[in-house]
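The values are calculated or read from the model by the stated rules, or taken from the named source; none is laboratory data. Treat the numbers as computed from the prediction; the structure is a model and nothing was measured. Counting neighbours? That spans all protein chains shown, and the Cβs are built from the backbone with ideal geometry, glycine included. Protein only, heavy atoms only, side chains kept; ligands, DNA and RNA dropped before computing areas. Shrake-Rupley method; radii C 1.70, N 1.55, O 1.52, S 1.80 Å.
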Amino acid sequence: MLRVLMPLALLALAIYALVDCISTKKDDIKHLPKVVWIMVIVLAFGIGPLAWILLGRERTFPHRAGAPGRSPAAHRPGGWLAPDDNPDFLKSINEDKLREENARDKELLESWEEDLRRREEDLRDEDLRQDDSDDGGSGSSGSGGSQDNPPKP
């Protein structure tokens, strides 16, 4: 079993290194031109893929979460960040929440204002009805003989 597994592992490593070399941009390749690296990977079957993986490409490693003073964006400018590490994404989530809360608050405020207008209008109508009933029930206002103040003898 080990006799079969070792060559398969070397073949898989060579295929990975070859695909990685072909898909790597020219600017990220170190020490040798791309064509030479491809020949090294194919011709030096055991050592070529390892040399490519260790020396042939400019590798960027993920930012350690505990490293002080370095943000993931500063470590890899323009690189991809997971959503929970991306401050812009987190800010957009908070802005969406705030926007929804503001919309709900605005609707609630409008309903309260409408209710207040309706109540004020009801109170005005009630005051007008009371004023009309007070004026109409006392008779003529200049007679001097109202029920509250009886005439003095």
Self-check item: Filter pass, Pro49 being open to solvent by less than 60 Å² (accessible area, probe 1.4 Å) and modelled with pLDDT of 90 or more
Solution: yes
Practice problem: Please work out if Leu32 is without any contact (Cβ under 8 Å) to a residue 12 or more places away in the chain and surrounded by fewer than 16 Cβ atoms within 10 Å (Cβ to Cβ). | Solution: no
Exercise. Have a look at Leu81, Leu43, Leu98 and point out the one that is within 30 Å of Ala12 (Cα to Cα) and modelled with pLDDT under 90.
Key: Leu81
Exercise. Can you tell me which residue among Ser71, Ser92 is at pLDDT below 80 and either open to solvent by less than 70 Å² (accessible area, probe 1.4 Å) or among the charged types (D, E, K, R) (or both)?
Key: Ser71
Self-check item: Those residues of region 1-25 which are part of a helix (DSSP H, G or I) and surrounded by 14 or more Cβ atoms within 10 Å (Cβ to Cβ), in sequence order
Solution: Leu10, Leu13, Ala14, Tyr16, Ala17, Leu18, Asp20, Cys21
